[in-house]
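The next block holds one structure in the form of structure tokens; read it before the comments.
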Amino acid sequence: MTTNTNLASPIEIRRATPDDYEAVADFTSDIWPDRGGDYIPRVYHDWLEDGPGQGKKTFLAEVDGEVAGIVQAVMLSPDEAWFQGMRVAAEYRRQGVSRRLNEASFEWAREQGATVGRVMVFSWNAASLGAARTSGFEPTTEFRFATPDPDRDAELPDEYAVSTDPATAWRYWTHSDARSHLCGLGLAPEETWAMRELTRADFEWAADETAVFVLESGDGLAGTAARIRTVERTIDDVVGDRRTETRAEYAVSAWDDLEAARALFAAIARDAAEIGADGTRVLLPETARFVTDAAATGAELADEPDIVLSIDLAS
């Protein structure tokens, strides 16, 4: 696919290949140096699809044979697409490259049956937030990660009990303030750093394959959470040594009040320790109550929230 822009040469959009790695790594090498650098060179080869029918496609923009930009589209459900990793080389910015990449990824997603597409942008990334809005995305929700330490001996208050019934967990989730704020979204099982609408089947799957928690007290249901995956991470420490850590990721968390938050985070800490995780990442709504409740439990919080934006692909 090609199009004329204010560039002297047309923009060509094609599928990214393993041979494009060096060019992509080169133009992304100077992105976010003060935040540890861009993640795309680390995941590039894992991103690439072998062919059609795999539910994802990585698009590359070229101008005169030079790599000018990249983006990936992923189908997370039969009608939900996720777009990630939009990058444009410095010398080609503000020249229509991102628009052409968006057009190609939107067209592909529609062909797969998507009626909605979403992106996640760090709240500090004003340039990407502005570009997303200009591209037609609308703000959907905001969330933050908490990272309670794994702890086999985390104290669960006597007035609470933890069960694992997915039907009960689903019922609490569907009636929770957390679900309302998050518009039903949680971490997607299919893709790290992606979100989609959680379903009852997701809670049932987690109960069978990972873990689901339902918090109950004498007054009834009080909270829920679901572990969605474990992730192996390579960490560079301050003296340059590398080590591998296991992180347990929880698709969503919801609770009634501060005491319920303490009990739920204790259950999460116990679960993470039980599976041998070195750390956790728990998604929670970015509201004053949820964020301050989580902080009061003693869990560390991400420095800043993340923002999810959506675009209607059906019309």
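The values are calculated or read from the model by the stated rules, or taken from the named source; none is laboratory data. Worth saying up front: this structure is predicted, and the values here are computed from it rather than measured. Every residue, glycine as well, gets a Cβ built from its backbone with ideal geometry; the counts of neighbours run over all protein chains shown. For the accessible areas, the whole protein counts, side chains as well, though only heavy atoms, and no ligand, DNA or RNA atoms are used. Shrake-Rupley method; radii C 1.70, N 1.55, O 1.52, S 1.80 Å.
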Legend entry - residue 49 long-range amide H proximity, modeled H, under 5 Å: 58
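Given a Förster distance of 41 angstrom, what is the FRET efficiency for residue 199 paired with residue 124, based on the Cβ-Cβ distance and rounded to 0.05?
0.85
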Inset, instruction - Show that you can apply the helix-only estimate: for the chain, add -39,500 (n - 2.57) for every DSSP H stretch of four or more residues, divide by all residues, and state [θ] at 222 nm to the nearest 500. - result: -8500 deg cm²/dmol
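Taking only protein heavy atoms into account and a 1.4 Å probe, give the accessible area per residue of region 143-304 in Å². It would help to have the intermediate numbers written out before the result.
Numbers: 7460 Å² over 162 residues.
Ligands and nucleic acids excluded, the result is 46 Å² per residue.
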Inset, instruction - Along Cα→Cβ, 7 Å out, is where each label goes; now give me the distance between the ones at residue 314 and residue 22 in nm to one decimal. - result: 4.7
Inset, instruction - Quickly rank 260-273, 166-179 as a protection proxy: mean count of other C-beta atoms within 10 Å, highest first. - result: 260-273, 166-179
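Counting only protein chains, not ligands or nucleic acids, how are 156, 283 ordered by accessible area (probe 1.4 Å), most first? Show your work: numbers first, answer last.
Working: 156 40, 283 0 Å².
Solvent-accessible surface, decreasing: 156, 283.
At 1.4 Å probe size, with the rest of the protein present, what percent of the exposed accessible area of region 11-114 is carbon and sulfur atoms? Mind showing how you got there, number by number?
Working: 2150 of 4900 Å².
The value for region 11-114 is 44 percent carbon and sulfur by accessible area.
Roughly what % of Cα-Cα distances in the chain sit above 38 Å, to the whole percent? Please list the in-between numbers first.
Numbers: 9341 of 49455 pairs.
Every Cα pair in the chain considered, those over 38 Å come to 19 percent.
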Legend entry - Separation of the residue 103 and residue 31 label points, Cα + 7 Å toward Cβ, nm: 2.1
Legend entry - Alpha-carbon Rg with Dmax, taken over region 135-251, Å: 16.5, 51
Legend entry - Within the accessible area of region 143-304 (1.4 Å probe), percent carbon and sulfur: 42
Inset, instruction - May I ask you to list the residues of region 278-315 whose amide nitrogen lies under 17 Å from a point 7 Å from Cα along the Cα→beta-carbon direction of residue 110? - result: 311-315
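Taking all pairs of distinct Cα atoms, average 1/r, flip it, and tell me the Kirkwood hydrodynamic radius of region 58-136 in Å to one decimal place.
Numbers: mean 1/r = 0.0769 Å⁻¹.
Taking the inverse mean of 1/r over all distinct Cα pairs, region 58-136 comes out at 13.0 Å.
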Inset, instruction - Starting from the Cα-Cα distance between residue 155 and residue 234, subtract it from 0.36 nm times their residue separation and give me the gain in nm to one decimal. - result: 25.4 nm
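Averaging over every viewing direction, what projected area does the convex hull of the Cα atoms of region 191-303 cover, in nm²? Each step should come with its number before you reach the end.
Numbers: hull surface 33.2 nm².
About 8.3 nm², averaged over all directions.
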